[in-house]
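Report on one structure; see the data block that follows.
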Amino acid sequence: MRHLRALIAVFEEGSIAKGAQRLLRTPSAVASSIRQLETHFRADLFDRQATGVTPTDFGRTAYRRARRIASEFRTAQIELAPYEVRSNAPLFSMVTGERQLTILVRLREMKHMPSVANVLGLTQPAVSAVLRQAENTLKLPLFRRTAKGMIVTEPGDLLIFRLRRVLAELRHLEADVAQLRGEMAGRIQFAALPSLRTRVLPQAIAALNSKHPNVQVSMIDAPFEILFAGVHSGEIDFILTGLNADYHHRDFDIRIIGQDRLVVVARAGHPLSGQSNIDVRALLEYPWILRDRGAPTRELLNNIFRRLRLAPPRVAVQAGDLGLLRGLLQESDAISAVSPQYLADEIASGSVKVLDIELPGTERDIGFILRRDAQPSVLCEKLMQHIEVAAQGVLTRARAA
């Protein structure tokens, strides 16, 4: 972090000497910071001349990410001002290391110092020292120590939200610089609609990995409100999901890549499987398996019953896992509403039947949800391109069927 601070100063001042003067550091210390960044990135960030320095493409790319990081720290300082935070705390000046930031974020998630220490390969006293130093320099309590663990305070929550964004920018910085070197390396974290996990995502990820084997792809599975929070904090790069109008009003960038619809499914031999023109009221006689509240499929289905002035379906099991859904359908009279792509193999084999009932109004756009002010890495953009190509083929075949 300290080295990125030096990068910003040298870039904006046009020389190491002036950058050092601005930071109140020696020119040799600033030059050392730049050299360490160049060693880390395996690329020259500046061309050196007698009159100063000129940024290379690598330097300009690193500077853009570094400025976004600095902006997050400035925003944190403004948001914490009502709590009488110490405005000149080292954290706001980009001199606190990445590991220290990671410790604070993990404490917010795990609420337990020994667990954080174990995950990060540290001792508990080391974790405790980082928290103590942060609270002392900020003059703010970030956590409350309780019998249930470390509970984040209100100002602590505001700060850690910004720290998550900083860590996301650092992750993207690594990927951006690697791409300029002609390499594709880095990590992508995203969430996806269950119906697209069986065909679309395997095709897209395989296509990406065949060309760029050093890419690490991580898929997050959680309730939608947690996923939305992850997109806002930068920890999740994008969500691939069914869309509704509300998403356009939540400070998201929406990219539509296709359309889908819902069907009602049940096991072969289910009492409704041989019936024609099933009345929607008959569906209320059976237990349902649906995703969590707030999931697009759940909302679309509830809207149908709401328009008909009927009670919503009785949800016996709330789950989106394919294996669990498949097993529950085959072992009970439960029914579900899903994209036909989610159970395409089971439907094709005849073990799961699509019931003869229309669900008008469940047609929906499929697309990506990103933070509106995000700047996805080139790596992330490439994965989304592969997903769009795969989705076009799969969804087109589904509409034709």
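The values are calculated or read from the model by the stated rules, or taken from the named source; none is laboratory data. Please read these numbers as outputs of a predicted model, since none were measured by experiment. We place every Cβ from the backbone using ideal geometry, glycine too, and count neighbours over all the protein chains shown. Surface areas here come from the heavy atoms of the whole protein model, side chains and all, with no ligands, DNA or RNA. Shrake-Rupley method; radii C 1.70, N 1.55, O 1.52, S 1.80 Å.
Consider E331 carefully, then state whether it is within 23 Å of V280 (Cβ to Cβ) and surrounded by fewer than 18 Cβ atoms within 10 Å (Cβ to Cβ). Criteria not met by E331. Please tell me if V30 is surrounded by 20 or more Cβ atoms within 10 Å (Cβ to Cβ), modelled with pLDDT of 95 or more and in contact with a Gly (Cβ under 8 Å, 6 or more places away or on another chain). It is true that V30 is surrounded by 20 or more Cβ atoms within 10 Å (Cβ to Cβ), modelled with pLDDT of 95 or more and in contact with a Gly (Cβ under 8 Å, 6 or more places away or on another chain). Of everything listed in (1) assigned to a helix (DSSP H, G or I); (2) within 23 Å of L240 (Cα to Cα); (3) out of contact with any helix residue (DSSP H, G or I) (no Cβ under 6 Å at 6 or more places or on another chain), the single unmet condition for Q330 is (2). Would you call N277 in a loop (DSSP other than H, G, I, E, B), farther than 26 Å from A390 by Cβ and out of contact with any strand residue (DSSP E or B) (no Cβ under 7 Å at 6 or more places or on another chain)? When the stated conditions are applied, N277 passes them. Condition check for E79 on (1) charged (D, E, K, R); (2) out of contact with any Leu (no Cβ under 8 Å at 6 or more places or on another chain); (3) modelled with pLDDT of 95 or more: one failure, at (2). Looking only at residues of region 215-235 that are open to solvent by 70 Å² or more (accessible area, probe 1.4 Å) and out of contact with any helix residue (DSSP H, G or I) (no Cβ under 8 Å at 6 or more places or on another chain), we find that the one that is farthest from R298 (Cα to Cα) is Q216. Those residues that are open to solvent by less than 10 Å² (accessible area, probe 1.4 Å), among the β-branched types (V, I, T) and either farther than 14 Å from I239 by Cα or in contact with a Phe, Trp or Tyr (Cβ under 7 Å, 6 or more places away or on another chain) (or both), I need them from region 366-392; list them, please. Within region 366-392, just I369 meets the criteria.
Taking the criterion of being in contact (Cβ under 8 Å) with a residue 60 or more places away in the chain, of a type in the set (G, A, S) and not in a strand (DSSP E or B), would at least one residue in region 358-368 satisfy it? Yes, region 358-368 contains a residue that is in contact (Cβ under 8 Å) with a residue 60 or more places away in the chain, of a type in the set (G, A, S) and not in a strand (DSSP E or B). Annotation note: of E363, E346, E358, the sole residue that is closer than 18 Å to R261 by Cβ, open to solvent by less than 40 Å² (accessible area, probe 1.4 Å), out of contact with any His (no Cβ under 9 Å at 6 or more places or on another chain) and not hydrophobic (A, V, I, L, M, F, W, C) is E346.
Within the set L325, L290, the sole residue that is in contact with a Pro (Cβ under 9 Å, 6 or more places away or on another chain), modelled with pLDDT of 85 or more, closer than 30 Å to G234 by Cβ and open to solvent by less than 20 Å² (accessible area, probe 1.4 Å) turns out to be L290. Note on region 3-24: residues that are among the basic types (K, R) and either touching a Leu at 6+ places or on another chain (Cβ under 6 Å) or buried (at least 18 other Cβ atoms within 10 Å of the Cβ) (or both) amount to 1. Checked against the criterion of being of a type in the set (S, T, Y), open to solvent by 40 Å² or more (accessible area, probe 1.4 Å) and modelled with pLDDT under 95, the candidates S87, S71 yield just one match: S87.
Within region 111-142, if we keep just the residues that are basic (K, R) and surrounded by fewer than 14 Cβ atoms within 10 Å (Cβ to Cβ), the residue that is nearest to the chain's Cα centre (by Cα) turns out to be R132. The selection criterion, being modelled with pLDDT under 95, of a type outside the set (D, E, K, R) and buried (at least 18 other Cβ atoms within 10 Å of the Cβ), does not hold for V95.
A single member of F252, F238 is open to solvent by less than 20 Å² (accessible area, probe 1.4 Å), modelled with pLDDT under 90 and in contact with a helix residue (DSSP H, G or I) (Cβ under 8 Å, 6 or more places away or on another chain), and it is F252.
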